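Participant: Have a look at the structure that comes next, please.
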Amino acid sequence: MRKLTIGAIVVCILLLISDFTGRFIQSSPHAQNNFDTGNNNTQPLPLLSSNAHKELTALFSRYAEPTKNTQTEQGLTAAQQAEQNGELLSVFAGNLELKLKAVIFAPMPYVLIEQKNVKTQQTTLVKYINEESIQGYTLSILSNTQVALYKASQHITLVMYQRG
């Protein structure tokens, strides 16, 4: 019985040694590509026929030249600005586009409005308190997501996001 136990232990030890040497001691690399040598298997690129080259050149020629920015002046005219009414995500006032970013209910409630100059594309975040004037509009806080802007007969509700 003792010989059988010793034989099983010896077989297990031999299997462990074989496994260890197979995993951690390699005599040669398994990969067939040896990038250290200068013998890279490079293939020449296929050449296009002259007709195919002309067709591709004509097809992509309009993308080769930079396109000129034909962007028209952004914003609204004074008449269009006077027609703004109702619930809006942004309001144009003069050269500014106004967007509501936050309504803060502190001891003195205030709002943060993003003002983007439509000509220079410069954006600033401005703090306004309730009943303050913004570009000729009087601001009134309605809720945590909307404010009212009044100017003569104009009544605009500026909202942070559209309702679904």
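The values are calculated or read from the model by the stated rules, or taken from the named source; none is laboratory data. Note that this is a predicted model, so its numbers are computed, not measured. Note: ideal-geometry Cβ built from the backbone for every residue, glycine included; neighbour counts use all protein chains shown.
Participant: Take the range 107-148 and flag every residue that is part of a strand (DSSP E or B) and in contact with a Ser or Thr (Cβ under 7 Å, 6 or more places away or on another chain).
Facilitator: Residues satisfying the conditions are GLU114, GLN115, LYS116, GLN146, VAL147, ALA148.
Participant: Could you run through the range 155-164 and say how many residues are part of a strand (DSSP E or B) and within 16 Å of GLU97 (Cβ to Cβ)?
Facilitator: 3
Participant: To continue, here is another question. Give the number of residues within the range 135-153 that are within 15 Å of ALA82 (Cα to Cα), at pLDDT 90 or above and crowded, with 16+ Cβ neighbours inside 10 Å.
Facilitator: Count: 2.
Participant: Within the range 106-121, which residues are of a type in the set (S, T, N, Q) and over 21 Å from GLN146 (Cβ atoms)?
Facilitator: Passing the criteria: ASN117, THR120, GLN121.
Participant: Continuing with this model, one more query. Give me the residue from the range 48-104 that is closer than 19 Å to THR124 by Cα and assigned to a loop (DSSP other than H, G, I, E, B) and, out of that set, modelled with the lowest pLDDT.
Facilitator: GLN74
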